[in-house]
Amino acid sequence: MSRDFLAVELAPADGFEPRWRSPLERALRDAPPGIRDLSRTGKLHVHGDVGAPPGVEVVRVAPDRALVLCAAADVERVRGELGERVVDMSAALAGLEVRGERLMRRLADLDLDALPAAGAVAHVPATVLRDGDAFRIFFPQEYADHVGAVVLDAAAGLA
Amino acid sequence: MRLPPSPEERIDRSRTVTFFFEGEPIEAYAGDTIGSALFAAGRRVFSRSFKYHRPRGLLCCSGHCPNCLMQVDGAPSVRVCTAPVREGTRVRSQNVLGSLDRDLLAVVDKVGGPFTPVGFYYRTMIRPRRAWPYYERFLRRVAGLGTIDKHARRSSRFDTEHRRAEVLVIGGGPSGLDAARAAARDGRRVVLVDEGLALDAQLPREDGFETIAPARAIGIYEGGLVPVDAGDVLLRFRAERVVVASGAIEQPLLFPGNDLVGVLLPSAVRRLTRLWSLRPGERAVVITADDRGLAAAEDLRRAGTSVARVVDLRTTQPAQMAARGSHGRVRSVSVDGDSVDCDVLVMSGGSQPAYSLLAQAGARVEYDGTRGIFVPRDLPPHVEAVGSAAGEGARGAAAVPAASYRGTESGGRCFVCICEDVTDKDVKRAIAEGFDSIELAKRYTTVTMGPCQGRLCHLPSIRLYARETRAEEATIGTTTARPPWAPVRLGLLAGRGHEPAKRTSLHHRHKELGAQMMWTGEWRRPHSYGDVAAEVRAVHEGVGVIDVSTLGKLLVSGPDAVSFLERLYPNRFGDLKPGRIRYAVLGTDAGRIMDDGTIGRLSERDFYVTTTSTGAETVLAWFEWWNAVWGYDVSVDNVTGALAALNVAGPRSRALLARLTELDVSPDGFGYLDAREARVAGVPCLLLRIGFVGELGYELHFPSPYAEYLWDTLLERGADAGIRPFGLEPQRILRLEKAHVIVGQDTDSESNALDANMSWLVKFDKDDFVGKWALEHVRERGPRERLVGFEMANGTVPPEGGQIVVDGLPAGRVTSARWSDAVGKAIGLAWVPPALADEDSRIEIRVDGRLEPALVRLRPFFDPDDERLRA
Ligand code: FES
């Protein structure tokens, strides 16, 4: 068996047109500018050492495990390049981007100068990356409504 | 009445602010605090004391004492001496019946003495027990610290912010500022927090470090965690180094009448006169053990108060001191029989380092006999003390003569602790009753347990203790310092009211369909969609669909996957063929049932493991732990959220599925306990043919972003077959009809697989597995109780947890019970003594106090031969 049932990017087949839906779609409906849904990012769990193929980001989340981020369209290719011990977690993790250190400090007890790192965001386990003033947060999608609500509420508190 | 303007004053006389006290408008200047404005308006009584309801007035003006607590805009126990005035604020007194000036409860002070001795609440009013609720309500009414308005809307929002600093400086006095500057010069990331009560000087905003004020550190916890109360935001600081510059606290003196209105600490004089240009009174007496009292005398003179007498305890040792008053206000002071009229009495018993935060952090606190104060010693490595907090310059009342402690003999009460209304007599009485350890005496007398948290009573009480027990202060020691060091609003600690909940990708569909949601662990799940019986019927007669995305889902792969699973589970997997599924129960090393689920073999070295909804994290951690211990070449991935899962069940489920997939779903092509990969409605799925609900059924596991799409498609394409979504409650009935066990409901942390009738899952001939030794032991000793089915003779549904009764004695318990339309009976599962675990055994179950007869059943109640399930 192939584990195809973990693949997220589907082409229409057999006359069906499966519709992808983000776990954060509803929660971020009224999001202010600066908060973006990144759930469709490609996300792969890799066991052991990881060489980084071009166009991907590698975040080490445990001594023996890494989270590899890539464009959704590249998941298949990257999965092939990374070898055997790879699991497609694109559907498992929701992702969002927020702007501003102050907002981030209200969401997580993390050293924002030492990112990327794994830790709790809005009390749920997450991986956080930083690009200047922007923070990308990836977390289990089943918390999407909760995290979305907390982020919007925290942003409202600072508005 | 204000003094002429001075350059030092903090009020802006060009701007007025109006607020309300007991409904009456009070005019203040910008820069006033509520306390200073009320004082300016002529108010002298600010509160009534905790127990005796004695009038109390401003004492410290520094936020240390309990004397100015009021309700401000509904918030109880606000220290008005430091609360800035705001337009329209509503201020009320608390803990009074009547008014501050005429508090009817003051009668306690007149008659209460003999009736309310120290510790009276441990002794009186406890009998008869029945009456306690009334006593409690009465006590709460007459004693306490304001009332919480339970119906009030949240007046403000409270947020939590996580902060980091290399160096956190607590306190913005001269030493704190120096420490912050020095650390900043060394290139450290420095943050300084200050209570903002050091109103004497505006804190300079400096380059090189960040200043946060008003902000109050409320404790120092392990790992350098320092929560800081910054008003509506709780700052949770993590700092590599904490510098405590919390200063020193002025100490009162002990003499009869030391709590009268008009008795002030030097800081009150300084602030009233300098910051708010107020004259504290007309005629003052100063009794002091240090220079602060002398400075206060100067301040008073400048404010136009005549200073009638200054008693410097360092040079004179009076044998007797007492203050007398009328209506709670000081009128005269007598020193060695020499009485002087006054309306202000300044007392200064020296100053004590504010060491509480240091003690919380782990510092030892030691009595310095020469200076008469407690000083912090042996600070933990990441904590530092500077300035008077470290004991620099502080000086206690070592010189205070014995006479000043000679209390009540000269009439009037002498208060050791004004928060809790504890007098010198009370302390002596506690000692006489045998409370000779300071920790016990603290609990008995409640000294140091009030709003001042020992700031004004810790040192005096220990000194009195030492005197009375003829011991050295050093040997008496101190009581444990615990956070919070300052009162903190519960709302601030609670923060925002978000509770993490897990929701499946179909959550909103369930809500749209009118599902009643319920908690199962962290998950929100549909209890039902409104008609439990119809949902059950749909599964028996047509087709139903239930969202089972909450199932834990783990991928176990690698060359050692078989060995790994065989060693974890009592069951065997080496002989499981790819494309087949097996039920599995996971046990602890003590042989107890931990979780259950199914294990499907995807390929030689890939297994798909499902767990209970609430067990996923525990099972994952358990797997990872053993994997690390054994060192197998196996990887475990939690794909719970990656996959949504639907159970499509019922006699028509096959026909429905056939419309949506090219997979051969015929009974021969896709049999019971087979696993297949195929597209369903264009979505790649892992299909498991299993049947928790007892009818022909398929679990579809597929990428969660397509959950709504597939759900909608199933409901649409199944409409003509009468498809119905069903919730947890119908599922529970359906599985009970099959006597399928729910781990955690029908088993508990003591249950093992043998007693739970699952011995067919336990392969004792395997080399080893977790819990094998324990289960062998269980097998040898035989079962202690057995999990069996039962049906009620008369249709009553017994309560879950209900008692099984044998010969009048409790002998077991019901774990599940429901009415089943399909069976036409009330059925259930129960633990019973082994002797009764036979088909048709008669048992009795307690229902509402009656005993109801039931029969033991060992086979499923519905479709006992699994013909429908395997169809
Ligand atoms: S007078 Fe306000 S706290 Fe002491």
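The values are calculated or read from the model by the stated rules, or taken from the named source; none is laboratory data. No experiment lies behind these values; they were computed from the predicted model shown. Using ideal geometry, Cβ is built from the backbone for each residue, glycine included, and neighbour counts are taken over all protein chains shown. We work out accessible area using only protein heavy atoms, side chains counted, and drop any ligands, DNA or RNA first. Shrake-Rupley method; radii C 1.70, N 1.55, O 1.52, S 1.80 Å.
Just check the protein assembly as shown against the gyration tensor rule for me: Cα atoms, a ≥ b ≥ c as the square roots of the eigenvalues, rounded for a/c under 1.5, and otherwise prolate or oblate depending on whether a/b exceeds b/c. Prolate, since a/c reaches 1.5 and a/b exceeds b/c. Peptide packing for B:476-488, B:436-448 was compared via the average number of neighbouring C-beta atoms within 10 Å per residue; ordered from the highest value, the list is B:436-448, B:476-488. Spatially, segment B:807-871 and segment B:450-476 are offset by 67 Å when compared through their Cα centroids. Gyration tensor over the Cα atoms of segment A:42-89: the corresponding equivalent ellipsoid has semi-axes (square roots of 5 times the eigenvalues, largest first) of 15, 10, 9 Å. Per-residue mean of foreign Cβ neighbours for A:9-21 is 6 (Cβ atoms of other chains, 10 Å radius). Is segment B:453-610 rounded, prolate or oblate when judged by the Cα gyration tensor, a ≥ b ≥ c being the square roots of its eigenvalues, rounded requiring a/c under 1.5 and prolate requiring a/b larger than b/c? Oblate, because a/c is 1.5 or more while a/b does not exceed b/c.
Using only Cα coordinates, the Kirkwood hydrodynamic radius of segment B:447-540 works out to 19.3 Å.
The long axis of helix A:144-158 is offset from the longest Cα principal axis of chain A by roughly 30 degrees.
Solvent-accessible area lost on pairing B with A (1.4 Å probe, both sides summed) amounts to about 4800 Å². For segment B:672-811, the alpha carbon positions stretch 57, 49, 24 Å along the principal axes, listed from largest to smallest. Its convex hull of Cα atoms gives segment B:565-705 a direction-averaged projected area, equal to a quarter of the hull surface, of 9.0 nm². Over segment B:253-348, the fraction of Cα-Cα pairs per 10 Å bin, rounded to whole percents and listed from the shortest bin up, is 18, 55, 25, 2.
I need the per residue convex hull volume for segment B:785-871, using only the alpha carbons, in cubic angstrom as a whole number. Show your work: numbers first, answer last.
Details: hull volume 7.6 nm³, N = 87.
It is 87 Å³ per residue.
Judged by the mean number of other Cβ atoms found within 10 Å, the most tightly packed of the peptides B:186-195, A:54-63 leads the ranking B:186-195, A:54-63.
Straight Cα distances below 30 angstrom link B:LYS766 to the lysines B:LYS553, B:LYS577, B:LYS738, with same-chain residues fewer than 8 positions distant left out. How many percent of the alpha carbon pairs in chain B exceed a separation of 34 Å? Counting pairs separated by more than 34 Å, the tail of P(r) holds 65 percent. Bridging of B:LYS442 to lysines at a Cα separation below 28 Å is possible for B:LYS51, B:LYS110, B:LYS425, B:LYS428, once same-chain residues fewer than 8 apart are set aside. Its alpha carbons give segment B:723-871 an Rg and a Dmax of 16.2, 50 Å.
Expressed as a whole percent, the proportion of Cα-Cα pairs in segment B:826-871 lying more than 12 Å apart is 68%. Ranking of B:ILE431, B:ILE220 by solvent-accessible surface, largest first: B:ILE431, B:ILE220 (1.4 Å probe, protein heavy atoms only, all chains present). The mean count of C-beta atoms from other chains within 10 Å of the C-beta of residues in B:633-640, rounded to a whole number, is 5. Mean partner shielding of peptide A:138-147, defined as the number of other chain Cβ atoms within 10 Å of each residue Cβ, is 6. How would you classify segment A:11-159 from its alpha-carbon gyration tensor, with a ≥ b ≥ c the square roots of the eigenvalues: rounded for a/c under 1.5, else prolate if a/b is greater than b/c, otherwise oblate? Here segment A:11-159 falls in the oblate category. Over the residues of chain A, the helix contribution to mean residue ellipticity at 222 nm works out to -5500 deg cm²/dmol, using -39500 (n - 2.57) for each DSSP H run of at least 4. Comparing Cα centroids, segment A:55-124 and segment B:275-294 end up 64 angstrom apart.
Please compute the net charge surrounding B:GLY257, taking Lys and Arg as +1 and Asp and Glu as -1 over other residues with Cβ under 11 Å from its Cβ. In short, +4.
Highest mean first, the peptides A:122-130, B:347-355, B:307-315, B:859-867 sorted by other C-beta atoms within 10 Å per residue fall in the order B:347-355, A:122-130, B:307-315, B:859-867. Counting only protein heavy atoms and a 1.4 Å probe, the protein assembly as shown has 41 square angstrom of accessible area per residue.
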